[in-house]
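Just below is one structure, and these are the notes that go with it.
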Amino acid sequence: MKKYLVLAIFSLLSFASKAQSARVLADKIIAIVGDKIVLRSDLVNYIDDMKRQGNEIPANAECILLDKMMQDKALILQAEKDSLPIGDEEVEAELDQRVRYFIMQYGGKEAFEQIAGRTVYQVKEDFRKSIKEGRLAKSMRDKIVEYVKITPNEVKDYYEKIPKDSLPFYESELVIGQIVLHPKAGRELEKFVQDELLDYKKQVESGQKSFETMARLYSEDPGSKQIGGRFELNKTDKQTDPDFKNAAFRLKEGQISAVVKSKFGYHIIQMVSRNGDDAVVRHILRMPQVLEEDIVGAKQRLDTVRSKLIAGTITFGEAVDKYSEDQNSKFTGGIITGQGGNFVTIDELDKSLVADLGKLKMGEFSQPLTFKDEQEKQGVRLVFLQSKTAPHRENLRDDYDRVSQRAIAEKRDKTIEKWFFSKLPTYYIMVDKDYQQCDEVRKQFPNFVSK
């Protein structure tokens with residue numbers, strides 16, 4: 001049942017399409033599974049939303065999607081019969097995540113509510129049932145494949161059935177680790193930017209200039225500078241710097257904070273609007289200038305770490321945990337991740353790092369190297385080339401994990417397919433005459449009742 005992978009994208013709830021749909025659609029029930037119905041409007045809105053997102057839509061998209069929606073209904077029915085637990089907290093968390101995504105897409109809460117024609121609260125209530133049903137379907141699918149395992153012999157058998165000219169070709173892939181230090185500016189330069197920010201605050205509060213103008217002129221945050229420092233945040237978001245977030249949520253609308261220190265530098269923050277745990281703020285970021293002597297000091301500290309690694313008195317993972325100031329790589333043991341997980345290709349790396357890697361052999365540690373991160377913050381890093389593969393055709397020696405993942409996915413699909421053929425005859429299934437010629441539906445639901 002490979003269609004599960006192909007159709008994964010369709011499982012997203014279409015907030016946008018329903019919010020933007022201005023025309024009145026003559027709705028009708030196009031399928032029933034047990035006591036669960038599928039509406040034509042649901043199907044059309046899903047496809048319209050996929051088009052808006054720029055996804056390629058196959059010619060038989062309606063048939064593919066209807067099949068997927070009917071499968072989900074069957075899974076939901078069984079999940080309800082089995083009383084699979086779905087906590088209200090899980091549903092609420094997913095609702096918050098989805099709504100925040102669309103608020104960002106439409107440029108703010110007010111714009112989103114205007115397009116939707118409803119408040120955020122109303123939108124969440126509209127989709128609460130759909131979110132819960134989606135989680136029920138997933139839980140049921142997980143339960144069906146819970147005990148599906150795969151052996152090395154099964155992986156080998158799966159691999160040997162693939163035509164040799166169909167095996168994927170992989171470019172050179174690397175596993176790279178890094179230990180990062182951010183040189184600290186001196187106290188005088190830190191005080192200088194703090195005084196600058198206090199002056200900006202004074203100018204805004206006196207009415208000389210707007211906060212938006214000051215942000216465009218002076219902020220060093222490339223992500224918000226051009227939009228006047230505008231930034232949307234949620235109180236429960238763990239990715240936002242906690243000091244920045246806490247300072248922001250202490251403000252009243254229109255109020256400007258004192259100078260706030262975060263891991264990025266120093267800020268002043270203005271509260272634009274707030275609705276519960278969601279807020280729109282503006283901020284100005286200033287980063288104290290790092291002098292050459294500060295960079296040299298960071299290099300010396302990393303050079304000491306490098307000596308310990310070469311001597312074997314500390315492992316790379318231990319060094320990352322003890323010394324690295326890169327929060328992202330701390331969660332991956334210092335490994336740089338890409339689309340292939342821990343494996344990255346050359347084109348996924350920044351150019352300066354690519355040039356430095358050319359001097360390393362597998363298992364070697366670089367000299368301390370200077371760089372700037374995405375926020376233009378000065379850093380020094382020690383790079384570890386853990387492994388590097390040559391360009392090659394897929395094989396079991398180099399790519400066992402990839403092959404085994406596909407093999408177990410196929411085995412799980414067959415298990416789900418077997419489950420469907422055993423359960424579907426026990427359900428009442430109706431398909432509207434306009435969709436009875438869909439090959440996908442006819443194959444999966446051969447015993448449907450005609451309408």
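Conditions first: (1) of a type in the set (A, V, I, L, M, F, W, C); (2) buried (at least 20 other Cβ atoms within 10 Å of the Cβ); (3) farther than 19 Å from HIS182 by Cα. LEU251 passes all but one, so which condition is the exception?
(2)
Any idea how many residues of the stretch 190-226 are more than 25 Å from THR240 (Cβ to Cβ) and of a type in the set (Gly, Ala, Ser)?
Going through the stretch 190-226 one residue at a time, the tally reaches 2.
Among THR313, THR240, which is the only one that is assigned by TED's automatic domain parsing to the domain that holds LEU360, at negative phi and out of contact with any helix residue (DSSP H, G or I) (no Cβ under 8 Å at 6 or more places or on another chain)?
After applying the criteria, what remains is THR313.
Might you check whether a residue that is aromatic (Phe, Trp, Tyr), in contact with a Leu (Cβ under 9 Å, 6 or more places away or on another chain), touching a residue at least 40 places away in the same chain (Cβ under 8 Å) and not in a helix (DSSP H, G or I) occurs anywhere in the stretch 257-265?
Taking every residue of the stretch 257-265 in turn, at least one turns out to be aromatic (Phe, Trp, Tyr), in contact with a Leu (Cβ under 9 Å, 6 or more places away or on another chain), touching a residue at least 40 places away in the same chain (Cβ under 8 Å) and not in a helix (DSSP H, G or I).
Do you know which of the residues in the stretch 165-188 that are free of Cβ contacts under 8 Å to residues at least 24 places away in the same chain and not acidic (Asp, Glu) is nearest to PHE331 (Cα to Cα)?
This residue is ARG187.
Would you please name the residue that is nearest to LEU382 (Cα to Cα), looking only at residues in the stretch 169-207 that are of a type outside the set (Ser, Thr, Tyr) and in a loop (DSSP other than H, G, I, E, B)?
Among those residues, the one meeting the criterion is HIS182.
Exactly one of these conditions fails for GLY363: (1) at positive phi; (2) within 23 Å of the chain's Cα centre (by Cα). Give me its number.
Tallying (1) at positive phi; (2) within 23 Å of the chain's Cα centre (by Cα), GLY363 fails exactly one: (2).
Has the stretch 389-407 got at least one residue that is under 30 Å from LYS68 (Cβ atoms) and among the polar types (S, T, N, Q)?
So far as the stretch 389-407 goes, yes, one or more of its residues are under 30 Å from LYS68 (Cβ atoms) and among the polar types (S, T, N, Q).
How many of the residues making up the stretch 62-90 are of a type in the set (D, E, K, R) and under 26 Å from the mean Cα position of the chain (by Cα)?
The qualifying residues number 5.
Across the stretch 341-396, what is the number of residues that are in a loop (DSSP other than H, G, I, E, B) and not hydroxyl-bearing (Ser, Thr, Tyr)?
Here the count works out to 21.
In this structure, is LYS322 within 11 Å of ILE179 (Cα to Cα) and loosely packed, with under 12 Cβ neighbours inside 10 Å?
Here the answer is yes, as LYS322 does meet what is asked.
Among the residues of the stretch 323-380, count how many are without any contact (Cβ under 8 Å) to a residue 24 or more places away in the chain, closer than 25 Å to ASP241 by Cβ and of a type in the set (S, T, N, Q).
3
Being under 25 Å from PRO85 (Cβ atoms) and crowded, with 19+ Cβ neighbours inside 10 Å is the filter; apply it to the stretch 95-131 and report the residue that is modelled with the highest pLDDT.
Across the stretch 95-131, the extreme among qualifying residues is ILE131.
Name every residue in the stretch 318-340 that is charged (D, E, K, R) and assigned to a helix (DSSP H, G or I), in order of residue number.
Across the stretch 318-340, the qualifying residues are GLU318, ASP321, LYS322, LYS330.
When you check GLU348 against the structure, is it farther than 30 Å from ARG286 by Cα, among the charged types (D, E, K, R) and out of contact with any Leu (no Cβ under 8 Å at 6 or more places or on another chain), yes or no?
no
Which condition from (1) of a type outside the set (Lys, Arg); (2) out of contact with any Phe, Trp or Tyr (no Cβ under 9 Å at 6 or more places or on another chain); (3) surrounded by 14 or more Cβ atoms within 10 Å (Cβ to Cβ); (4) closer than 13 Å to VAL180 by Cα is the one that ASN328 breaks?
Checking ASN328 against (1) of a type outside the set (Lys, Arg); (2) out of contact with any Phe, Trp or Tyr (no Cβ under 9 Å at 6 or more places or on another chain); (3) surrounded by 14 or more Cβ atoms within 10 Å (Cβ to Cβ); (4) closer than 13 Å to VAL180 by Cα, the one that fails is (3).
May I ask you to verify whether GLY334 is on the phi > 0 side of the Ramachandran plot, small (Gly, Ala, Ser), over 27 Å from the mean Cα position of the chain (by Cα) and not assigned by TED's automatic domain parsing to the domain that holds LYS225?
The answer is no for GLY334.
Would you call ALA248 in a helix (DSSP H, G or I) and either over 30 Å from GLU89 (Cβ atoms) or touching a residue at least 12 places away in the same chain (Cβ under 8 Å) (or both)?
yes
Go through the stretch 214-243 residue by residue and tally those that are free of Cβ contacts under 8 Å to residues at least 60 places away in the same chain, surrounded by 13 or more Cβ atoms within 10 Å (Cβ to Cβ) and over 22 Å from VAL99 (Cβ atoms).
Residues meeting the conditions: 6.
Quick one: what pairs do we get from the stretch 285-298, first residue part of a loop (DSSP other than H, G, I, E, B), second among the β-branched types (Val, Ile, Thr), C-beta under 6 Å, 6+ apart or different chains?
Every condition considered, the pairs that remain are PRO288/VAL193.
The values are calculated or read from the model by the stated rules, or taken from the named source; none is laboratory data. Keep in mind the model is a prediction, meaning the values are calculated, not measured. Neighbour counts are summed over all protein chains in view; Cβ atoms, including those assigned to glycine, are modelled from backbone coordinates with ideal geometry.
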